[in-house]
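Have a look at the structure below before the remarks.
The values are calculated or read from the model by the stated rules, or taken from the named source; none is laboratory data. Owing to the predicted nature of the structure, the values given are computational and were not obtained by experimental measurement. Every residue, glycine among them, receives a Cβ derived from its backbone with ideal geometry; neighbour counts consider all protein chains shown. Just the protein is used for accessible areas: all its heavy atoms, side chains included, with ligands, DNA and RNA removed. Shrake-Rupley method; radii C 1.70, N 1.55, O 1.52, S 1.80 Å.
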Amino acid sequence: GLEQNTLVIFQSDNGAPEGGSNKPFSGWKGGLREGGIRVPMMARWPGRIPAGRTSNEPGVSADLFPTLAAIGGGQLPSGVRLDGKNILPVLEGKGKSPHDTLFWGYRGTYAARRDRWKLLQDKAGRSSLFDLEADPAEANDLAAARPALARELAAALDKWKAGLPPPRPS
C-alpha cells in the first residue's frame, strides 16, 4: 500500500544533446534556449495529485527542494538564498506558479522568463526577447519592438545576477 502514500516524480535535467530533437524548441542541452531548459515533469501521488491532469505552469528543478521540505514538514535554511519555491499547490491543481520571474545562467549566458516572455543575454551582454507562446522556437527577436519590456527583464536579470556567488576559477 505504499504506492498510495508515496510521491513519485520523474523529471529530466535538460534537453536533448546537440543533434537530437527538441522540436518545436530550438537549442540543446548546455544552452539556455527552450530546447535546452524546457523539460517535462511527471508527478504521481494518489489522493493529492489529480490523475491525468496537465499543467503549463513554469517552474525549475530547484523547486523540488522547498516542495519536498514542505511536504515533509521541514524548515528551509534561514539566511540562504533559494531560487526554488514550493510548487505543491501547482501539482495539486490548486494554484499557479509561485514564480514572478525565472532565471538561468550557464557559462556566461543568462535568461529570464516572465509569463510568456523570455530574455536571452549572451556573453557580450546583448539581449534578445522572445514571446514563447507565439514563437516557441525563439526565432523572432522582439527586443527592438518591445524595448521597455526588454529593459525591464534585463534589469530583473541584473538584480538576480548581482546576488549570485562569485564565479569559481577555472
Looking only at segment 94-133, and only at residues there that are among the hydrophobic types (A, V, I, L, M, F, W, C), open to solvent by less than 40 Å² (accessible area, probe 1.4 Å) and in contact (Cβ under 8 Å) with a residue 40 or more places away in the chain, the one that is farthest from R48 (Cα to Cα): L120
Condition check for D141: in contact with a strand residue (DSSP E or B) (Cβ under 6 Å, 6 or more places away or on another chain), acidic (D, E) and closer than 18 Å to L32 by Cβ: yes
Selection from segment 69-82 of residues that are within 23 Å of P165 (Cβ to Cβ), open to solvent by less than 70 Å² (accessible area, probe 1.4 Å) and in contact with a helix residue (DSSP H, G or I) (Cβ under 7 Å, 6 or more places away or on another chain): L82
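Table: residues versus (1) under 22 Å from T109 (Cβ atoms); (2) under 20 Å from the mean Cα position of the chain (by Cα).
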| site | (1), (2) |
| --- | --- |
| I9 | no, yes |
| G15 | yes, yes |
| N22 | yes, yes |
| K29 | yes, yes |
| V39 | yes, yes |
| I71 | no, no |
Selection count, segment 48-67, where residues are over 11 Å from the mean Cα position of the chain (by Cα) and either in a loop (DSSP other than H, G, I, E, B) or touching a residue at least 40 places away in the same chain (Cβ under 8 Å) (or both): 10
Enumeration of residues in segment 13-35 that are under 22 Å from E133 (Cα atoms) and small (G, A, S): G15, A16, S21, S26, G27, G31, G35
Residue tally, condition within 22 Å of S21 (Cα to Cα) and buried (at least 17 other Cβ atoms within 10 Å of the Cβ), over segment 137-170: 1
Test: residue in segment 34-54 that is at pLDDT below 95, touching a Gly at 6+ places or on another chain (Cβ under 9 Å) and of a type in the set (S, T, N, Q): no
Hits in segment 1-27 (condition: at pLDDT below 90, in a loop (DSSP other than H, G, I, E, B) and among the hydrophobic types (A, V, I, L, M, F, W, C)): A16
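Results for (1) within 14 Å of L91 (Cβ to Cβ); (2) in contact (Cβ under 8 Å) with a residue 12 or more places away in the chain; (3) open to solvent by less than 70 Å² (accessible area, probe 1.4 Å); (4) not β-branched (V, I, T), shown as yes or no for each residue.
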{"site": "I9", "(1), (2), (3), (4)": "yes, yes, yes, no"}
{"site": "N14", "(1), (2), (3), (4)": "no, yes, yes, yes"}
{"site": "G20", "(1), (2), (3), (4)": "no, no, yes, yes"}
{"site": "F25", "(1), (2), (3), (4)": "no, yes, yes, yes"}
{"site": "W28", "(1), (2), (3), (4)": "no, yes, no, yes"}
{"site": "R33", "(1), (2), (3), (4)": "no, yes, no, yes"}
{"site": "P40", "(1), (2), (3), (4)": "yes, yes, no, yes"}
{"site": "P46", "(1), (2), (3), (4)": "yes, yes, yes, yes"}
Verdict on K85 being under 26 Å from R151 (Cα atoms) and not polar (S, T, N, Q): yes
Some residue of segment 93-105 being touching a Ser or Thr at 6+ places or on another chain (Cβ under 7 Å) and at pLDDT 95 or above: no
